[in-house]
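Readers should treat all values here as calculations from the given coordinates under stated rules, not as data from a laboratory. None of the values given here were measured: they were computed from a predicted structure. Neighbour counts are summed over all protein chains in view; Cβ atoms, including those assigned to glycine, are modelled from backbone coordinates with ideal geometry.
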Amino acid sequence: MTTKNSSETRFLLGEADLPKFWYNVNADNPVPPAPVLHPGTKEPVTPDFLSVLFPMDLILQEISTERFIEIPEEVREIYKLYRPTPLIRARRLEKMLDTPAHIYYKNEGVSPAGSHKPNTAIPQAFYNKIAGTKALTTETGAGQWGSALALAGNFFDLDIEVYMVKVSYHQKPYRRLMMETYGAKVFPSPTKHTHFGRSVLEDDPETPGSLGIAISEAVEIAATSGGAKKYSLGSVLNHVLLHQSVIGEEALKQMDMAGEYPDVVIGCAGGGSNFSGIAYPFLRRNLLEGMKTRLLAVEPTATPSLTKGVYTFDYGDTAMMAPIVKMHTLGHAFVPPPIHAGGLRYHGMAPSLSALYDAGYLEARAVPQLATFEAGVQFARAEGIIPAPESNHAIRAAIDEALDAKQKGERRVILFNLSGHGNFDMASYQAYFDGKLVDYDYPVEAVREAMASLPQVPVIA
Ligand SMILES: *Cc1c(COP(=O)(O)O)cnc(C)c1O
């Protein structure tokens, strides 16, 4: 490969380079994910069942095996508010680490909501709008997904109702206000609006809530709305991963501008959407063109669904109302340890990512939270951007790769996804600076116990 622009720091694409197609990994996936099952009957779901929650265009994307799916012009118009996002060579970080490695990062923190999540919120709002949906319900934990959907709902004139995990609702008032500024309604979950929320509150009025509970509430509201409201999910599902592929498609072109090709591509993984967004277009090159890029998903040791979870069928939510999927899971009743400040709290991992990891096409690593904040602070001091605590997991792994390359005297090319900025997450940084965070290893025994409550599914050939 040429080194035409190797003295530059920022690799910027113009509007004309904004991708026209999303990449669907399931066209090339050597280990296709298992069918999605109905939570009641445990039989493969029908589009009819899914259509209670999602518009038909998204259902068709969910099950599609077409390699490239066209991005609608209306979506591209809104993407242009912040895409293509910059690819930056972290030269100052390289110097600080005194490493021969080259470190590049894709900055998804430049979106109006501050993360990669609008990449899917915008098309989800669009497809709902053209299907006649009036309102969308959703959940949010740290508030990034709720902000992204609030932003997108505003552009397409949809009402947005966000069930926000109660502890975050109180700890992160500015995220809530951001959603309200875009016109969304935000409720601390569990609420009294739903059967499920009321049952959780009866058992434990002081519950901090969880992502699984908030998903159940948002699903219940949509499912019982008689069609007026649909539900929207910000990660895990195939159509979400599809939309996030714009990250990697742009990065392929930008690495080409830099005259380099990554030896390793890194992303943090909660449900798996930003990691697969940057990694799957490079996986396509591995699968179809024989490239050998390592693809590394990084998760917290407190919520280690890939590295300690079991690859099996589980419910997508705590109330067992969401579809059952085969994925790496810690069990649907998982409640993350309250000491964990770094996000990435979902109990499961995207089905395609789980299948690819299980078959050895992807790598995964779990990192303890103190080391992630240490990496995030180092990155902020070198490059100026304060990363989202989630992104700090990717940065930790990128720094470790760069240090390993230094030790081995290798000129490794490292690309990671900076999934978001941390400007609304300063309370987590404060907890870190105040010495209030500790490392936590989620116990294997807890995973083993949780497996007792998995759905009993018929053996599927
Ligand atoms: C939501 C979020 C994540 C985790 O979600 P994935 O689907 O795994 O990408 C990571 N980083 C940021 C900044 C987020 O907002």
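Quick notes
- A crude spin-label estimate for the pair Tyr82 and Ser6, with each label 7 Å from Cα along the Cβ direction, gives 3.4 nm.
- Trypsin sites (Lys or Arg not before Pro) restricted to segment 271-325 and DSSP loop, no more than 12 other C-beta within 10 Å: Lys292
- Where the alpha-carbon atoms of segment 304-427 are placed on the principal axes, they occupy 46, 36, 19 Å, in descending order.
- Here the dipole of segment 1-151 is about 640 debye; that uses its Cα centre as origin and unit charges on the Cβ of Lys and Arg (positive) and Asp and Glu (negative).
- Reported to the nearest whole Å, the Cα centre-to-centre distance from segment 264-303 to segment 125-172 is 27.
- Magnitude of the charge dipole for the chain, about its Cα centre and with charges confined to Cβ atoms of Lys, Arg (+1) and Asp, Glu (-1), is about 760 debye.
- Summing Cβ point charges (Lys, Arg +1; Asp, Glu -1) relative to the Cα centre of segment 335-461 gives a dipole of roughly 220 debye.
- Ellipticity at 222 nm from helices only: DSSP H runs of n ≥ 4 in the chain, each -39500 (n - 2.57), divided by the residue count, give -12000 deg cm²/dmol.
- At an R0 of 22 angstrom, the distance between the Cβ atoms of Ala452 and Glu206 translates into a FRET efficiency of 0.25.
- Lysines with Cα under 19 Å of Lys192, excluding same-chain neighbours fewer than 8 positions away: Lys166, Lys229
- Counting 0.36 nm for each residue step from Thr307 to Glu43 and taking away their Cα separation leaves a gain of 92.2 nm.
- The relative contact order of the chain comes to 20 percent, based on Cα pairs under 8 Å that sit 6 or more residues apart.
- In a DSSP loop and with at most 12 other Cβ atoms within 10 Å, the trypsin sites (Lys or Arg not before Pro) in segment 123-229 are Lys192.
- Placing one equal scatterer on every Cα of the chain and applying the Debye formula, the log10 ratio I(q)/I(0) at q = 0.12, 0.14 Å⁻¹ is -0.98, -1.40.
- FRET E, pair Arg91, Thr65, Förster distance 56 Å, beta-carbon r, rounded to 0.05: 0.85
- Antiparallel DSSP beta bridges within the chain, as percent of all bridges there, nearest 5: 35 percent
- Across the alpha-carbon set of segment 272-357, the Rg to Rh ratio works out to 1.02, Rh being the Kirkwood radius.
- Acute angle (nearest 10 degrees) that the helix 273-289 long axis makes with the longest principal axis of the chain, alpha-carbon atoms: 60 degrees
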